[in-house]
Amino acid sequence: QVQLVESGGGLVQAGESLRLSCVVSGRIFSNRAMGWYRQAPGKPRELVAVISGDGSTNYGDSAKGRFTISRDNAKNTVYLQMNSLKPEDTGVYYCNAKPTSFRGTYYPDSWGQGTQVTISS
């Protein structure tokens, strides 16, 4: 069973930066699309960024130009570099491993426990 462990959240001031990390257990990380999502209080979970196994990326509108998703397949880790943070970026950030099939085995959607990011004005 895949496990995802996020880290790097915290409390920072507006305009500062944070780097989130997500370490993924399992041997099929390099073939698997990964994503970061966030959920603010009272709001639905929303896409922040996704990265495919070949490194192509896609961002939610609020992240474009400020956030960068990347991956290190040797470390089974996906990162989210967040710059120019705003109070509206506050929320719990979740790492997501997209469903995939590998050698006849199906691996469903998997989520980490989340890491809190709080941006003060």
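Quick rundown of the values:
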item	result
Filtered residues of region 79-102 (kept if in contact with an Asp or Glu (Cβ under 8 Å, 6 or more places away or on another chain), within 18 Å of residue 39 (Cβ to Cβ) and assigned to a strand (DSSP E or B))	82, 93, 94, 95, 96, 97
Which listed residue, of 26, 104, 112, is crowded, with 16+ Cβ neighbours inside 10 Å and small (Gly, Ala, Ser)	112
Strands (runs of 3 or more DSSP E) contained entirely in region 1-72, each with at least 2 residues that are of a type outside the set (S, T, N, Q) and at negative phi	4-7, 10-13, 18-24, 34-39, 46-51, 67-72
Test: residue 3 is more than 11 Å from the chain's Cα centre (by Cα) and within 30 Å of residue 102 (Cα to Cα)	yes
Residue selected from region 60-71 under the condition surrounded by 13 or more Cβ atoms within 10 Å (Cβ to Cβ) and either without any contact (Cβ under 8 Å) to a residue 12 or more places away in the chain or among the small types (Gly, Ala, Ser) (or both), by the criterion nearest to residue 30 (Cα to Cα)	70
Condition met for residue 74 (surrounded by fewer than 15 Cβ atoms within 10 Å (Cβ to Cβ) and out of contact with any helix residue (DSSP H, G or I) (no Cβ under 7 Å at 6 or more places or on another chain))	yes
Criterion: surrounded by 15 or more Cβ atoms within 10 Å (Cβ to Cβ) and farther than 20 Å from residue 73 by Cβ - qualifying residue of 4, 11, 18	18
Residues of region 1-27 that turn out to be of a type outside the set (Gly, Ala, Ser) and either touching a helix residue (DSSP H, G or I) at 6+ places or on another chain (Cβ under 7 Å) or farther than 25 Å from residue 108 by Cβ (or both), as a count	6
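Bear in mind these aren't lab numbers, they're just calculated from the coordinates by the rules spelled out. Please read all numbers here as calculations on a predicted model, not as lab measurements. Counting neighbours? That spans all protein chains shown, and the Cβs are built from the backbone with ideal geometry, glycine included.
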